[in-house]
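Following: one structure in structure tokens, then a few remarks.
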Amino acid sequence: MKKTRAETDFSHRRISRRAALLGGAQLLFIGGLAARMRFLQVEQADQFRLLAEENRINVRLIPPSRGEVFDRNGVRLAQNAPSYRIVIVREDAGDTDAVLERLSRIIPLDPEDIARTKEELRRSPSFLPITIAEDVRWQDISRVSVNAPALPGVTPEVGLSRVYPQGSDFAHVLGYVGPVSDYDLQKIEDPEPVLRIPRFQIGKVGVETKLEPLLRGKAGAKRVEVNAAGRVMRELDRREGIPGSDVQLTIDAKLQGYVQARLDQESASAVVLDCDTGDVVACASAPTFDPNLFVRGISVKDYNTLTNNKYRPLASKTVQGLYPPGSTFKMITAMAALEAGLIGPDETVYCPGHLTVSGRRFHCWKRGGHGWVDLQTSLKRSCDVYYYDLAIKVGIEKVSEMAKRFGLGVKHDVPMSAVAQGLAPNMAWKQQTYGQSWRVGDTVNVSIGQGFMLASPMQLAVMTARLATGRAVEPRLIKSIDGVEQPERGGESLGMNENNLRKMRRAMDVTVNDRRGTAYGSRIIDEGMRMAGKTGTSQVRNITAAERRAGVIRNEDLPWERRDHALFVNFAPIDRPKYAISVVVEHGGGGSKAAAPIARDITLQALYGGEPPLEAYPTKDRERIEEQQERLRGVQPQASFVGRDQA
Amino acid sequence: MSYLEYAVKTAPTGVRKILYLNWPIAILLASISGVGFLMLYSVAGGSFSPWAEPQMKRFAVGFVLMISVAMVPIWFWRSLAGIAYLVTLALLVAVEFFGVVGMGAQRWIDLGFMRLQPSELMKITLVMFLAAYYDWLPAKRTSHPFWVLLPVIVILIPTALVLRQPDLGTSILLLAAGGGLMFLAGVHWAYFAAVLASAIGLVTTVFKSRGTEWQLIKDYQFRRIDTFLDPSTDPLGAGYHITQSKIALGSGGWTGRGFMQGTQTRLNFLPEKHTDFIFTTLAEEFGFLGSMSLLGLYALIIVFCIWSALINKDRFSSLLILGIALNFFLFFAVNMSMVMGLAPVVGVPLPLVSFGGSAMLVLMLAFGLMQSAHVHRLR
């Protein structure tokens, strides 16, 4: 746009005018600032000088001591132990290189630590204390104290640090704490000042993070007098903080230790619920890891070892792991049909080994079929066709609803990390998620706990507890807080027909205790402690028609990742159910072979409150069990005090 | 103004241009930065590391950058105004997605050798773009509603993006600088009056909404405003910064405690003493005379800029220079008001003195543009 000379002059004049105005305003503001400075620095100088003198008195936060965690019998699971570290202040040290050199001759120092300290010393202001070494042994601390004159600027400091005496047994339930990171701070709106204390520990995973507000406590404060160099001369007064609440878990450390040892290095998990109170008595996920490694920051190498392990030790499989429940779901399908009144007293179904539904053939696991089966036989021998038939009759909506009433597809309130909701699918869900309408084949898959159906071991244990009691048992992990007992969660009645429930329990009874039951090999001989249960084997792959013709490949011949998951749920004793248990062995093969024996061992251990007598086992197993007990007795929970002596 | 006209009114050429730089401003910039080095040396407890040394290196790079930018004719920079604005805007959007998270806010793009804060750059490119816009727009249309709405949008888009980061301080500066430029360009008084009136209305509404169900800002934000209005209510919490800052300033007295003798800042009573609160160290150690001297240096830069703008007959150039000066003014005015307890703590550094790479380089770039406009002005 070409402009005329006149226009340019006009605009230039206007800019000049406004520039003068704005410039004037700016100078006026600067004048205002100058006046304010004069007011503060000249007129009020004396007053502020006085305040500055008072400022020699410095208020410092005292970190609260974190609440401790105990098991149901008072065994300490998480505690605070003094941890010593050595710090150096550059302006007091003078020649820091020489001081560090002398120090490394007195106590063993990691060359990496020395390099890091030098780097930090170079970058930080001279009055800031820099940590040379953490988690120092008491004898090294005393050496430093004795040699103090030769080590100007070097001081030992004591703080509290979290220790998990039970080591890896509680890694997944309890989680661990770690130093506050920038990422943590960012997630919190208006963080408390105490979080800004360097190396302050907060819960990162599990109960430690879910109960963080309770465990943390309130920071105290102390007033200290500092000299002109910032050194603390004396402490004037202090207000102690309020320590965090002590928390008692419902878990029995002894049983937990046993379960963890029994699962060993399998990729497996097990949950033991108390049927009366909902108490989570054991909750173990294997393989596990040592949470103490995380407390002060885990080394990259250790961390990579953990994350690269194909058995996923960091995952909390009991609540986070979702598996197709397989045949353990058959009780739900049966209950849906029973409650709908669709199973007559002597009703039987013929199983020829498969069922054709809308042109697609669904197979029973037994190729030859089971022949005529009734409800009890079908569960005992885990016939699939019987449940295909039931589910088609009853419809997916009722099955899905029944699953939810038994706690599947429902997120239970357990203060652990990454609690999964699982899935009890229905038509609306499929429409919403996939935009496809529900097909009857989907119902057939769900009827035996395959297809879209997903549940966590915790949910399966809840399901079993509800079957055993007929009450809406909810898992309870926190027994008491600061000695205040938390409400039990045995639950109200589910409002189901007691006769139907009794039929299911009876069917589960024969599954274990009848000679032809799938879990007969894992029965308990001891009369008063017999258990009822159900095996499950859930496929993680589709078996193609071609494969079926060629003969289904045996599990043992498949690579580990493609083998079936082995599941088992049970409750015991049959007459007065005390414990409900679920065991899932990832890619373990068949439920009766891989999961049921573990569940039996755990059941006996729980019922006897320790090692059961060999008489509880069938005669032919006793020799093997004795060997196993011998071996497990040797596995002690490794209390980890790496690089530390108890002072 | 065509390129031809520029060429006819001969501007200095070649290396001789260096002689025609606005040397007073260059010297003033160097002196202020020098004050900065001294203060950074002092707050580090008498050490060039960790702050003073990198700051000196950055200033050296910045000074060379300024002269290089100044050597390039201003009409070249003007032709870049639109692209520069759009690129910076794209960078701002990019931090939303790839930004490095620092100090609880997303502001940086990591370039490898330095961290770029697009919001800093935006202060300059926004001024450039608006100056070019008003240079292009016939003067008669300046106050036409449509031609007013356009720059308003141009200002509001980056402001909103910066506010989302969240960086309240910089977004206020952007808004003020953009508005100031529109004022300089001659937009009618009535617009500014209307905006002012509605702003007052909005603030009243926000305060009226407190405690009601439709509360417009969060509780902790209200608490921060409370503490600003009366810091003594919470001397150990949020009011701490303001109270401590005032104590440090006030205890300086007429002549201060002397170099490296400040107790308040060295005893860590103040946070961020090497960045936003560095002025308190100066005020404490050099007293009223010291702080007045720095304020005087800043004021002189503004005066020289306005003078340079007034003698420049090119509309783009004078608007650009005034805009840069305004930006610079807002920078130190907000920071100083903050440490003196006249404004809430919003996190604006003291230009050229506070430790920080991005801000320093962008400022030197801006003064490079200013120098280019000065060297290549119509005589």
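The values are calculated or read from the model by the stated rules, or taken from the named source; none is laboratory data. Since this is a predicted model, take the numbers as computed values, not measurements. All Cβ positions, even for glycine, are placed from backbone atoms using ideal geometry, and neighbour counts span all protein chains on display. These accessible areas exclude ligands, DNA and RNA; they are computed on the full protein's heavy atoms, side chains included. Shrake-Rupley method; radii C 1.70, N 1.55, O 1.52, S 1.80 Å.
Taking into account only those residues within the range A:601-620 that are of a type in the set (Asp, Glu) and not in a loop (DSSP other than H, G, I, E, B), which is least open to solvent (accessible area, probe 1.4 Å)?
Taking the range A:601-620 as the starting set, the residues that turn out to be of a type in the set (Asp, Glu) are A:601, A:611, A:615.
Filter once more, keeping what is not in a loop (DSSP other than H, G, I, E, B): A:601, A:615.
Details: A:601: 3, A:615: 116 Å².
Once the filter is applied, the top-ranked residue is A:601.
Is it fair to say residue B:359 is open to solvent by 10 Å² or more (accessible area, probe 1.4 Å), away from chain A (no Cβ under 14 Å) and under 16 Å from the mean Cα position of the chain (by Cα)?
Working: open to solvent by 10 Å² or more (accessible area, probe 1.4 Å): yes; away from chain A (no Cβ under 14 Å): yes; under 16 Å from the mean Cα position of the chain (by Cα): yes.
Yes.
Going residue by residue through the range A:12-22, is there one that turns out to be more than 9 Å from every other protein chain (Cβ to nearest Cβ), at pLDDT below 90 and over 60 Å from the mean Cα position of the chain (by Cα)? First the steps, then the outcome.
In the first step, residues of the range A:12-22 are kept if they are more than 9 Å from every other protein chain (Cβ to nearest Cβ); the result is A:13.
Add one more test, that the residue is at pLDDT below 90, and what stays is A:13.
Among the residues that remain, those that are also over 60 Å from the mean Cα position of the chain (by Cα) are: A:13.
Within the range A:12-22, one or more residues are more than 9 Å from every other protein chain (Cβ to nearest Cβ), at pLDDT below 90 and over 60 Å from the mean Cα position of the chain (by Cα).
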(request) Select from the range B:139-183 the residues that are loosely packed, with under 15 Cβ neighbours inside 10 Å and farther than 22 Å from residue B:87 by Cα and write down the one among them that is nearest to the other protein chains (Cβ to nearest Cβ). (result) B:140
(request) State whether one or more residues within the range A:567-583 are in a strand (DSSP E or B), at pLDDT 95 or above and open to solvent by 20 Å² or more (accessible area, probe 1.4 Å). (result) yes
(message) Quick test for you: out of A:345, A:313, pick the one residue that is surrounded by fewer than 18 Cβ atoms within 10 Å (Cβ to Cβ), at negative phi and in a loop (DSSP other than H, G, I, E, B).
(response) A:345
(message) Among the residues of the range B:283-309, what is the count of those that are open to solvent by less than 10 Å² (accessible area, probe 1.4 Å) and not acidic (Asp, Glu)?
(response) 11
(message) I'm told residue B:365 meets every condition in (1) at pLDDT below 90; (2) open to solvent by 10 Å² or more (accessible area, probe 1.4 Å) except one. Can you identify the failing condition by its number?
(response) (1)
(request) Please work out which residue is farthest from residue B:375 (Cα to Cα), limiting yourself to the range B:48-70 and to residues that are among the hydrophobic types (A, V, I, L, M, F, W, C) and open to solvent by 50 Å² or more (accessible area, probe 1.4 Å). (result) B:48
(request) Tell me, please, whether a residue that is touching a residue at least 60 places away in the same chain (Cβ under 8 Å) and surrounded by 15 or more Cβ atoms within 10 Å (Cβ to Cβ) can be found in the range A:118-128. (result) yes
(request) Filter the range B:338-348 for residues that are open to solvent by less than 10 Å² (accessible area, probe 1.4 Å) and either of a type in the set (Asp, Glu) or over 10 Å from residue B:169 (Cα atoms) (or both) and give the result. (result) B:338, B:339, B:340
(request) Just name the residue that is farthest from the other protein chains (Cβ to nearest Cβ) out of those in the range B:275-293 that are of a type outside the set (S, T, N, Q) and in a loop (DSSP other than H, G, I, E, B). (result) B:276
(request) Of all residues in the range A:24-45, count the ones that are open to solvent by 50 Å² or more (accessible area, probe 1.4 Å), at the interface with chain B (Cβ under 9 Å from one of its Cβ atoms) and among the aliphatic types (A, V, I, L, M). (result) 1
(message) Quick check on the range A:85-103: of everything there that is open to solvent by 40 Å² or more (accessible area, probe 1.4 Å) and either hydroxyl-bearing (Ser, Thr, Tyr) or touching a residue at least 24 places away in the same chain (Cβ under 8 Å) (or both), which residue is nearest to residue A:167 (Cα to Cα)?
(response) A:85
(request) Looking at (1) closer than 26 Å to residue B:49 by Cα; (2) in contact with a helix residue (DSSP H, G or I) (Cβ under 9 Å, 6 or more places away or on another chain), find the lone condition where residue A:113 falls short. (result) (2)
(request) Output the residues belonging to the range B:294-322 that are in a helix (DSSP H, G or I), more than 7 Å from chain A (Cβ to nearest Cβ) and over 18 Å from residue A:29 (Cβ atoms). (result) B:307, B:308, B:316, B:317, B:320, B:321
(request) Please note which helices (runs of 4 or more DSSP H) are completely contained in the range A:440-530 and include at least 3 residues that are buried (at least 24 other Cβ atoms within 10 Å of the Cβ) and under 23 Å from the mean Cα position of the chain (by Cα). (result) A:457-469
(message) Which numbered condition in (1) part of a helix (DSSP H, G or I); (2) open to solvent by less than 50 Å² (accessible area, probe 1.4 Å); (3) modelled with pLDDT under 80 is the only one that residue B:97 fails?
(response) (2)
(request) Inspect the range A:492-500 for any residue being at pLDDT below 95 and under 30 Å from residue A:245 (Cβ atoms) and give the result as yes or no. (result) yes
